[in-house]
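Engineer: This structure is in structure tokens; I'll ask about it shortly.
The values are calculated or read from the model by the stated rules, or taken from the named source; none is laboratory data. Please read these numbers as outputs of a predicted model, since none were measured by experiment. Cβ coordinates were reconstructed from backbone atoms using ideal geometry, including for glycine residues, and neighbour counts include every protein chain displayed. The accessibility values were calculated without ligands, DNA or RNA, using every heavy atom of the protein model including side chains. Shrake-Rupley method; radii C 1.70, N 1.55, O 1.52, S 1.80 Å.
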Amino acid sequence: MTTNAVNPNADIFRPAGTAAKDAWQVLITPEDAGWEWSGLKVLTLEPGQEQTFDTGEFEALVLPLAGACDVRLGEASHQLQGRPGVFKGVTDFVYVPRHQQVVISSRAGGRFAVPTARATSDLPAAYYPASQVRTDLRGAGDCSRQVNNYALNTGVETSHLLVCEVLTPGGNWSSYPAHKHEEHSDVERELEEIYYFEIADGPAGPGFGFHRTYGTPGRPIDLIAEVHTGDVALVPHGWHGPCVAAPGYDMYYLNVMAGPAEDGVWMSVDDPQHHWLRTTWQDQDVDPRLPFKN
């Protein structure tokens, strides 16, 4: 299967390569997305290469997707062991505050994500080992998925940035029931969200999956997209989910979220039409393919 050449949802869906700029395979800024807070960069380094950038008004994580790297922040340096790939366990990472010059280098090469958020406070740079990452298994049956929490209820202090990744075995559904987080209340937070996808290959070539975003009556939005490795979906508002991994092809996505609240809280509400599905999970087992292991 191939992505359509014409993209009627170019404002909220960026097929692989269309969000590239300079050395970055993905470069999403708030200005580019048409919102205020969330951003994402994805970088591939060949062996021995390095990349320098300034955080400016943004805080960031340096999060290896595949491979190891060194991260230099002025006089300080952090060695990240990384991981072989996104389906091969969690990774260590670095938190970088605003107004920093960052140099990422890799002796063996690799692929590295830099989730960002506009910051309103100055926090210290910090290295976090893989043991700091909390892994949850959510759902059951064919709605089973694994969530690796990096800057999300893990004790990692940020100004506005929330980061996790979701791994869905082939044939399963995640981000389901569809949910939204577009307003501030006792049960919800206003959060812009970025989905960056990687799909496991099959024996004959690349895999695929699907992603859905749809609106509320007062705020229409409509996206149903076939997704491949390197694709990005932007969720400014609305119900989002499901993400569906085609049978035979495991799905990964990195979620980057940020909004005006500075409490570090992620809360969402389900589409009430589909909330009942959660009650069916109590009689089902979690998919035995989870958790993904090294």
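Engineer: Mind listing the long-range amide H neighbours of residue 269? Cut-off is under 5 Å, sequence gap 5 or more, other chains count too, H placed in the peptide plane at 1.01 Å from N.
Structural biologist: 180
Engineer: Over all alpha-carbon pairs in segment 1-123, figure out the percentage whose distance exceeds 16 Å.
Structural biologist: 64
Engineer: Now, a different point. Roll a 1.4 angstrom probe over the protein heavy atoms and tell me the percent of accessible area of the chain that is carbon or sulfur.
Structural biologist: 51
Engineer: Could you size up the charge dipole of segment 70-229 around its Cα centre, putting +1 on the beta carbon of Lys and Arg and -1 on that of Asp and Glu, and report it in debye to the nearest 20?
Structural biologist: In debye, rounded to 20, segment 70-229 gives about 400.
Engineer: I would also like to ask the following. Which FRET efficiency value, to the nearest 0.05, is calculated for residue 18 and residue 184 with the Förster distance at 35 angstrom and r the Cβ-Cβ distance? Display every interim value, and only then the final one.
Structural biologist: Working: r = 32 Å, r/R0 = 0.91.
After rounding, the FRET efficiency stands at 0.65.
Engineer: Please work out how much accessible surface residue 35 shows to a 1.4 Å probe, ignoring ligands, DNA and RNA, in Å² rounded to 10.
Structural biologist: Roll a 1.4 Å probe over it and residue 35 shows about 40 Å².
Engineer: Using only alpha-carbon positions, what ratio does the radius of gyration of segment 227-272 give when scaled by 2.2 N^0.38 Å? Numbers along the way, then the final one.
Structural biologist: Details: Rg = 13.4 Å, N = 46, 2.2 N^0.38 = 9.4 Å.
Relative to the 2.2 N^0.38 Å estimate, segment 227-272 comes out at 1.43.
Engineer: Residues of the chain: accessible area per residue at 1.4 Å, in Å²? All intermediate terms of the calculation are to be shown ahead of the outcome.
Structural biologist: Numbers: 12730 Å² over 294 residues.
Spelled out: the 1.4 Å probe surface of the chain, per residue, equals 43 Å².
Engineer: Please quote Rg/Rh for the chain to two decimal places, taking the Kirkwood radius as Rh and restricting both calculations to Cα atoms.
Structural biologist: Ratio of gyration radius to Kirkwood radius for the chain: 0.94.
Engineer: Using the Karplus equation 6.51 cos²θ - 1.76 cosθ + 1.60 (θ = phi - 60°), what ³J(HN,Hα) coupling, rounded to whole Hz, does each residue of segment 235-248 give in order, writing x for Gly and Pro?
Structural biologist: After applying 6.51 cos²θ - 1.76 cosθ + 1.60, I find 10, x, 5, x, 6, 10, x, x, 9, 10, 8, 4, x, x Hz.
Engineer: In deg cm²/dmol and to the nearest 500, what is the mean residue ellipticity at 222 nm of the chain if only DSSP H runs of at least 4 residues count, each as -39500 (n - 2.57), divided by the residue total?
Structural biologist: 0 deg cm²/dmol
Engineer: Let me ask something else. Counting only C-alpha contacts under 8 Å and six or more residues apart, can you give the relative contact order of segment 187-250 as a whole percent?
Structural biologist: Averaging sequence separation for qualifying contacts and normalising by length gives 42 percent for segment 187-250.
Engineer: Once you list every other residue whose beta carbon is under 13 Å from the beta carbon of residue 73, what net charge do they have if Lys and Arg are +1 and Asp and Glu are -1?
Structural biologist: Here the charged neighbours net out to -2.
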